[in-house]
1. Could you tell me how many of the residues in the stretch 359-376 are open to solvent by 60 Å² or more (accessible area, probe 1.4 Å), without any contact (Cβ under 8 Å) to a residue 40 or more places away in the chain and either more than 26 Å from Trp319 (Cα to Cα) or part of a loop (DSSP other than H, G, I, E, B) (or both)?
2. Just checking, which of Phe79, Phe48 is in a helix (DSSP H, G or I), open to solvent by less than 20 Å² (accessible area, probe 1.4 Å), touching a helix residue (DSSP H, G or I) at 6+ places or on another chain (Cβ under 9 Å) and among the aromatic types (Phe, Trp, Tyr)?
3. Residues that are farther than 25 Å from Phe416 by Cβ, touching a residue at least 60 places away in the same chain (Cβ under 8 Å) and open to solvent by 30 Å² or more (accessible area, probe 1.4 Å): list the strands (runs of 3 or more DSSP E) wholly contained in the stretch 266-345 that include at least 2 such residues.
4. Going by what's in this entry, would Ile228 be described as touching a residue at least 24 places away in the same chain (Cβ under 8 Å), open to solvent by 40 Å² or more (accessible area, probe 1.4 Å) and of a type in the set (Val, Ile, Thr)?
5. May I ask you to verify whether Tyr386 is of a type in the set (Phe, Trp, Tyr), modelled with pLDDT of 95 or more and over 22 Å from Cys214 (Cβ atoms)?
6. Could you tell me which of the residues Ile258, Ile251 is farther than 30 Å from Gly317 by Cβ and free of Cβ contacts under 8 Å to residues at least 60 places away in the same chain?
7. When you scan the stretch 148-172, how many residues do you find that are under 18 Å from Cys247 (Cα atoms) and either outside any helix (DSSP H, G or I) or in contact with a His (Cβ under 7 Å, 6 or more places away or on another chain) (or both)?
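The values are calculated or read from the model by the stated rules, or taken from the named source; none is laboratory data. Everything quoted here is computed from the prediction, not taken from an experiment. Don't worry about glycine lacking a Cβ; one is built from the backbone with ideal geometry, like all the others, and counts go over all protein chains shown. Heads up: the accessible areas ignore ligands, DNA and RNA and are worked out on the full protein's heavy atoms, side chains in. Shrake-Rupley method; radii C 1.70, N 1.55, O 1.52, S 1.80 Å.
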Amino acid sequence: MSSVEDDESRRRRLEVALEVKSLRRIISAYLNYPEAAEEDIKRYERSFKKIPFSHKTLLSHLPLKFQRLRWCIAQNSYFIFEMLKAFEPPLDMSVHAYECEDKIPDNVSCAHEKSDSQAQLCDVNNKLENIFRNSSALYVDNQRLSSPSPDWLDPSLQLCVPLADVDKVRSIIRNIVRDWAAEGQKERDECFTPILGELERLYPQRSGESPPKCLVPGAGLGRLALEISCLGFLSQGNEFSYYMMICSSFILNKSQDINEWTIYPWIHNNCNSLSDSDQLRPVSFPDVHPASAGITEGFSMCGGDFVEVYNDPNQIGTWDAVATCFFIDTAHNIVEYIETISRILKDDGVWINLGPLLYHFAESYDYEDVSIELSLEDVKRVACHYGFEIEKESTVTTTYSTNPRSMMQSQYHAAFWTMRKKKPRTDVGIAKNKTGP
């Protein structure tokens, strides 16, 4: 083997090792969830112990609340671990992590290796061993965990992760409500229904052997992509986050019944609660059985970075519609997103968008991060440059993964538009000839 081939082979092994380490980190964040939540409860208990006895008497119900919180955390942990046991990693998880501890070339990066906090959760093995390794030891509502755990879930193989990573797990739990619970119906009505209505209006003929194709970048947990499929479109969701993909795959592919799972999504925030019962209320999901929802054949979810996946030459001009919901502001460079959407749409295809411009990397402290933050006016101007014409636009007031019973409701006045990709003009050359001598 030549030195060039040897270097390329070493590079490929390193890239795989980096991806495995990245995936292990995400799995570790899920597994660290109960430990991080327990640390929060210990903090509540320490605060309670420090107040005067007379105040403790007034708040004598709080110790019981703390125990109820622990029970809710156990239920959330039960769902998380069942979800992880059903996950089929796309990579060989036996790849040794030490391979990526060597010097990494500057141009090799791991997509999911970003965090905002250096606080570490390293002391997790003992509790994870007790909770997860021996499934028969855990009871939930008098039911045992039955299926064995895969080797790659052995807690001794997990990584220390920043607290910010565990916050992403809590965010996933809230997103389950938005996408798959009856309690999230209001947000879905506000965000998904306008998009679905436009697709129905623009494509009244959706039956037959060649249904219109609709791509949903930033599909999250997959509900919007599924609803579009149920309208008769050949729908594909695209999602970059492994946090999202692990959960969406479980709900879409492993759900056996309506409301078979119960979680407690609001327990991690003591602020703005009307009552303890509101904060500790259960939420069941999924509110529909995905396999029985009436999806169109060909429905799929595709993992990976939107620009990287759909810059493939085979994707050029292949989609009738692109539907984006709370997505375009996730870009490092929003122009690149718009350019890619234009490239993959057919001539006369439509782009339906709903969402704010809360640029996700605007406050990044990473010196190497790129963040292009445009006004709505500039976004529309860039879209026009790439061949789009605005057919319809309005503003939609909505929330995102918000506790509907919270005393604080953060609202977005989201931009909602339908743009059409113009067909290339064919009369330009003729017009020029007519003006010639």
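1. To start, the set of residues in the stretch 359-376 that are open to solvent by 60 Å² or more (accessible area, probe 1.4 Å) comprises 360, 363, 365-368, 370, 372-373, 376.
Filter once more, keeping what is without any contact (Cβ under 8 Å) to a residue 40 or more places away in the chain: 360, 363, 367-368, 370, 373, 376.
Cutting the leftovers down to either more than 26 Å from Trp319 (Cα to Cα) or part of a loop (DSSP other than H, G, I, E, B) (or both) gives us 360, 363, 367-368, 370, 373.
Count: 6.
2. Numbers: Phe48 fails: open to solvent by less than 20 Å² (accessible area, probe 1.4 Å).
Unique residue meeting the criteria: Phe79.
3. Details: elements: 283-285, 300-303, 319-325.
In the stretch 266-345, the matching strands (runs of 3 or more DSSP E) lie at 300-303.
4. Values: touching a residue at least 24 places away in the same chain (Cβ under 8 Å): yes; open to solvent by 40 Å² or more (accessible area, probe 1.4 Å): no; of a type in the set (Val, Ile, Thr): yes.
No; evaluated as a whole, the condition is false for this residue.
5. Working: of a type in the set (Phe, Trp, Tyr): yes; modelled with pLDDT of 95 or more: yes; over 22 Å from Cys214 (Cβ atoms): no.
Criteria not met by Tyr386.
6. On the way: Ile251 fails: free of Cβ contacts under 8 Å to residues at least 60 places away in the same chain.
Selected residue: Ile258, the only one of Ile258, Ile251 that is farther than 30 Å from Gly317 by Cβ and free of Cβ contacts under 8 Å to residues at least 60 places away in the same chain.
7. Final tally of qualifying residues: 3.
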